[in-house]
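The values are calculated or read from the model by the stated rules, or taken from the named source; none is laboratory data. Remember, predicted model here, so these are calculated numbers, not experimental data. Glycine gets a Cβ as well: all are built from the backbone with ideal geometry, and neighbour counts include every protein chain shown. Note: areas computed on protein heavy atoms with side chains; ligands, DNA, RNA excluded. Shrake-Rupley method; radii C 1.70, N 1.55, O 1.52, S 1.80 Å.
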Amino acid sequence: TMVPNSPQVKEALFGEDGAAETLRPGSIVLDCSSINPVASREISAELAKRKVEMMDAPVSGGEPKAIDGTLAFMVGGKPEIFEKVKPILEKMGSSVVLCGEIGAGNVTKLCNQIVVGATLAALGEALNLSRAGGLSDVGLLDILAGGLAGSRALDVKRGMLESGDFTPGGSAENQRKDLVFATETGRALGVRLPVTDAVTLLYDTMIERGWGGLDHSGVILVTAPEPTPPDHS
């Protein structure tokens, strides 16, 4: 029985008129979605019965890097199959790394999303505190960017945090999905993820308030004194 965390991938492969019915032995399925790594392993096992190989290859970088062709691919699967698909992925990404066996790409992506989600939540809290304390956004963010608190997340999302325009690159809804998968994976592997648990609650709140379609940096709204998203209509 497959775990119920990858319905779209399963439907595309094994549903009515699914792709698996037309795949010839020796074909390779390259899954670039972010799903539960347990599901990746189970789907791979099902495809193996048809003599079809699978690699999980989730991406990081969002829409801007997809447009530029500079995504980061985190890949799981057999090394010899990786060598076959690597040239294809290098057309779309500037970083293509084999992380381990099937499912390892998604484990890596979940680790990435833990850090991204927690970083954005912390930036939101810090910015709300600084605003309440009368500091300018530019002053605080310049200091953060220049010290140990500096991060790629801050560099990419700074404009959104300052302007309040959370037109999505990566949505809060997708961020929450990945955090839930991380929690499920941690539970399966016996690893406690208390920071992830806390951050997931913040994204739960965003979705409950109808803000799931906003950029995930919009988590700042949840901890703001008056959490009302700006009107850009």
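Residues of the stretch 156-190 being assigned to a helix (DSSP H, G or I), open to solvent by 60 Å² or more (accessible area, probe 1.4 Å) and over 30 Å from G103 (Cβ atoms), which ones?
Filtering the stretch 156-190 for residues assigned to a helix (DSSP H, G or I) gives 156-163, 172-189.
This time we only want the ones that are open to solvent by 60 Å² or more (accessible area, probe 1.4 Å), so: 156, 162-163, 173-174, 176-177, 187-189.
Within the stretch 156-190, E162, S163 qualify.
Cβ separations smaller than 6 Å between residues 6+ apart or across chains give the following pairs from the stretch 39-62 residues that are among the hydrophobic types (A, V, I, L, M, F, W, C) to residues that are open to solvent by 40 Å² or more (accessible area, probe 1.4 Å) and part of a strand (DSSP E or B): M55/L30; A57/L30. The set of residues in the stretch 197-226 that are in contact with an Asp or Glu (Cβ under 7 Å, 6 or more places away or on another chain) and assigned to a loop (DSSP other than H, G, I, E, B) comprises G212, G213, T223.
For the stretch 78-101, the criterion of being under 13 Å from the mean Cα position of the chain (by Cα) and either under 20 Å from K177 (Cα atoms) or in contact (Cβ under 8 Å) with a residue 12 or more places away in the chain (or both) is met by no residue.
When the stretch 128-155 is filtered for residues that are open to solvent by less than 60 Å² (accessible area, probe 1.4 Å) and within 30 Å of G103 (Cβ to Cβ), the ones remaining, listed by number, are S151, A153. Scan the stretch 123-135 and report the pairs whose first residue is touching a residue at least 12 places away in the same chain (Cβ under 8 Å) and whose second residue is open to solvent by 70 Å² or more (accessible area, probe 1.4 Å), with Cβ atoms within less than 8 Å and a gap of 6+ or a chain change. Every condition considered, the pairs that remain are N128/P225; A132/P225.
Would you mind stating whether V156 is hydrophobic (A, V, I, L, M, F, W, C), at pLDDT below 95 and within 28 Å of A66 (Cα to Cα)? Considered against the rule, which asks whether it is hydrophobic (A, V, I, L, M, F, W, C), at pLDDT below 95 and within 28 Å of A66 (Cα to Cα), V156 comes out as yes.
If we keep just the residues of the stretch 16-38 that are surrounded by 12 or more Cβ atoms within 10 Å (Cβ to Cβ) and among the β-branched types (V, I, T), which is nearest to K84 (Cα to Cα)?
First pass over the stretch 16-38, keeping only residues surrounded by 12 or more Cβ atoms within 10 Å (Cβ to Cβ): 18-20, 23, 27-38.
Then drop every residue that is not among the β-branched types (V, I, T), which leaves 28-29, 35, 38.
Working: I28: 9, V29: 12, I35: 23, V38: 24 Å.
Within the stretch 16-38, the match that is nearest to K84 (Cα to Cα) is I28.
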